[in-house]
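The values are calculated or read from the model by the stated rules, or taken from the named source; none is laboratory data. These figures come from a predicted structure and were not determined experimentally. With ideal geometry, Cβ positions are generated from the backbone for all residues, glycine too; neighbour counts draw on all protein chains shown.
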Amino acid sequence: MVADGLVFSYGEKYTVHRKSGAEVATVRIGDQPVLVAKARTYMNTTGRQIGPLAKYYGVTPDEVIVLHDELDIDFGQVRLKRGGGEGGHNGLRSLSQALGSRDYARVRLGIGRPPGRQDPAAYVLKPFPSADRAEVELLIGNGVDAAELLVRQGLESAQNVVHAW
């Protein structure tokens, strides 16, 4: 959702990369061309498309920015970090294996923990309730802003701004 927001905010459209099968679009953030990629696989197997895509373009893990949902952050919050574990996130695990490293930047989009005893795997796959539409749109916008700041200013400077929101 945030990748789409980023691509559409620059008036670009995705195409399918022939070698990897991922959807890709190039946007220019400041003077920096940025390849936005979106796997067309299940989240748990993201690395199958993004790994070969990174190899094709000669992108190293320290040049990758991953936008992902995060159960351990309150709904609506955005946090930035580089590296670290996958925290049970199978999509991150797949990506780390494909890239051969966990040392990539992350825009972590808080979705909070599921209510009650609901299965987290089922929770992350459910659409957001329509009552949360405004908050979801704000989260997407903040995610786009965070990704842009990360590209323009680097991790530490972007963290100082984003973590104050």
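Among the listed residues TYR56, TYR10, identify the single one that is modelled with pLDDT of 90 or more, under 19 Å from ARG152 (Cβ atoms) and of a type in the set (Ser, Thr, Tyr).
Numbers: TYR56 fails: under 19 Å from ARG152 (Cβ atoms).
It is TYR10.
What's the number of the condition GLY21 fails, among (1) outside any strand (DSSP E or B); (2) closer than 15 Å to GLN97 by Cβ?
(2)
Quick one: PHE128 ticks every box in (1) of a type outside the set (Gly, Ala, Ser); (2) exposed (fewer than 15 other Cβ atoms within 10 Å of the Cβ); (3) at pLDDT 90 or above bar one, so which box is it?
Going through (1) of a type outside the set (Gly, Ala, Ser); (2) exposed (fewer than 15 other Cβ atoms within 10 Å of the Cβ); (3) at pLDDT 90 or above one by one, PHE128 breaks only (3).
Please count how many residues of region 68-112 are crowded, with 20+ Cβ neighbours inside 10 Å, of a type in the set (S, T, N, Q) and assigned to a loop (DSSP other than H, G, I, E, B).
0
Suppose we filter region 90-121 for residues that are over 15 Å from HIS68 (Cβ atoms) and in contact with a Phe, Trp or Tyr (Cβ under 9 Å, 6 or more places away or on another chain); how many remain?
3
With respect to the numbered conditions (1) free of Cβ contacts under 8 Å to residues at least 60 places away in the same chain; (2) closer than 15 Å to TYR104 by Cβ; (3) in contact with a strand residue (DSSP E or B) (Cβ under 8 Å, 6 or more places away or on another chain), which one is the sole condition not fulfilled by ILE65?
ILE65 satisfies all of (1) free of Cβ contacts under 8 Å to residues at least 60 places away in the same chain; (2) closer than 15 Å to TYR104 by Cβ; (3) in contact with a strand residue (DSSP E or B) (Cβ under 8 Å, 6 or more places away or on another chain) except (1).
Could you list all residues from region 34-67 that are among the hydroxyl-bearing types (Ser, Thr, Tyr), in a loop (DSSP other than H, G, I, E, B) and surrounded by fewer than 20 Cβ atoms within 10 Å (Cβ to Cβ)?
Those that are among the hydroxyl-bearing types (Ser, Thr, Tyr), in a loop (DSSP other than H, G, I, E, B) and surrounded by fewer than 20 Cβ atoms within 10 Å (Cβ to Cβ): THR41, TYR42, THR60.
Do we have any residue at all in region 135-153 that's in a loop (DSSP other than H, G, I, E, B) and either β-branched (Val, Ile, Thr) or surrounded by 13 or more Cβ atoms within 10 Å (Cβ to Cβ) (or both)? If you could, list the steps in order and put the result at the bottom.
Going through region 135-153, the residues in a loop (DSSP other than H, G, I, E, B) turn out to be none.
No, region 135-153 contains no residue that is in a loop (DSSP other than H, G, I, E, B) and either β-branched (Val, Ile, Thr) or surrounded by 13 or more Cβ atoms within 10 Å (Cβ to Cβ) (or both).
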